[in-house]
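Right, one structure below, let's go through it.
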Amino acid sequence: MNVEAQKISHWIKTRKSTFVSGLKEGGKIDDAAVELLLENASWAPSHGLVQAWHFKVLTGEAVKRFFEVQKEIYKTITARARFKQHKYEAYDEKWKRVSHIVVVIAKRDPHKRFPKQEDLVSVACGVQNIYLSLDAFGIGGYLSTGDVCYSPQMRKFLELEREDEPVGFFILGIPDKTTTSVTRTRIPVAEKTQWIK
């Protein structure tokens, strides 16, 4: 394997999610660095150059407001049996460790030239480009998804159009070097692969 192949394998295998608890309280990222992350995202594959990715970047007071809204939506939509008080209360503290939130949206091609899932796949590739860029910029983060993200209440808060699909919230901050990261593993790819000749 040549040096370039080794490098790309290393970048992919060392990609990680840094959750809010692993971000430094009060850490701030320069807006220009976030712009570069989004520039990298925009070089994802895109059938017909639809480029379905759209981003809403929250920073400053908007981050705090976002977690307040998330907290209330969680309370509203979560069944009593699944409701976790500690998760509900944690929303009050998250904003202190988060510098920026990138809302990742798949915006439907107005001409509908290709199936909708191709928009989502393309945007997901853009998300991976963000992940692969984080370490080089000294940024930590992860893509947050789930019921709150896809709820009608969140769609309304984000002012999404009817056919816009929220993909997730990329939470960004400065990594706290004092926290330990979990060692990640993968099922051997041979167990997930069928060769047909």
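Does S122 qualify as being in contact with a Ser or Thr (Cβ under 7 Å, 6 or more places away or on another chain), in contact (Cβ under 8 Å) with a residue 24 or more places away in the chain and over 20 Å from K94 (Cβ atoms)? Break it down into steps so the answer makes sense when it comes.
Values: in contact with a Ser or Thr (Cβ under 7 Å, 6 or more places away or on another chain): yes; in contact (Cβ under 8 Å) with a residue 24 or more places away in the chain: yes; over 20 Å from K94 (Cβ atoms): yes.
Spelling it out, S122 is indeed in contact with a Ser or Thr (Cβ under 7 Å, 6 or more places away or on another chain), in contact (Cβ under 8 Å) with a residue 24 or more places away in the chain and over 20 Å from K94 (Cβ atoms).
If you filter region 171-185 down to residues that are part of a loop (DSSP other than H, G, I, E, B) and surrounded by 15 or more Cβ atoms within 10 Å (Cβ to Cβ), you find that the one that is modelled with the highest pLDDT is I174.
The number of residues in region 67-125 being in a helix (DSSP H, G or I), in contact with a strand residue (DSSP E or B) (Cβ under 9 Å, 6 or more places away or on another chain) and of a type in the set (S, T, Y) comes to 1.
Residues in region 91-116 that are in contact (Cβ under 8 Å) with a residue 24 or more places away in the chain, under 23 Å from F170 (Cβ atoms) and exposed (fewer than 15 other Cβ atoms within 10 Å of the Cβ): 2 in all.
The values are calculated or read from the model by the stated rules, or taken from the named source; none is laboratory data. Just so you know, these numbers come straight off a predicted model, no measurement behind them. Because the Cβ atoms are built from the backbone with ideal geometry, glycine has one as well, and the counts that use them run over all protein chains shown.
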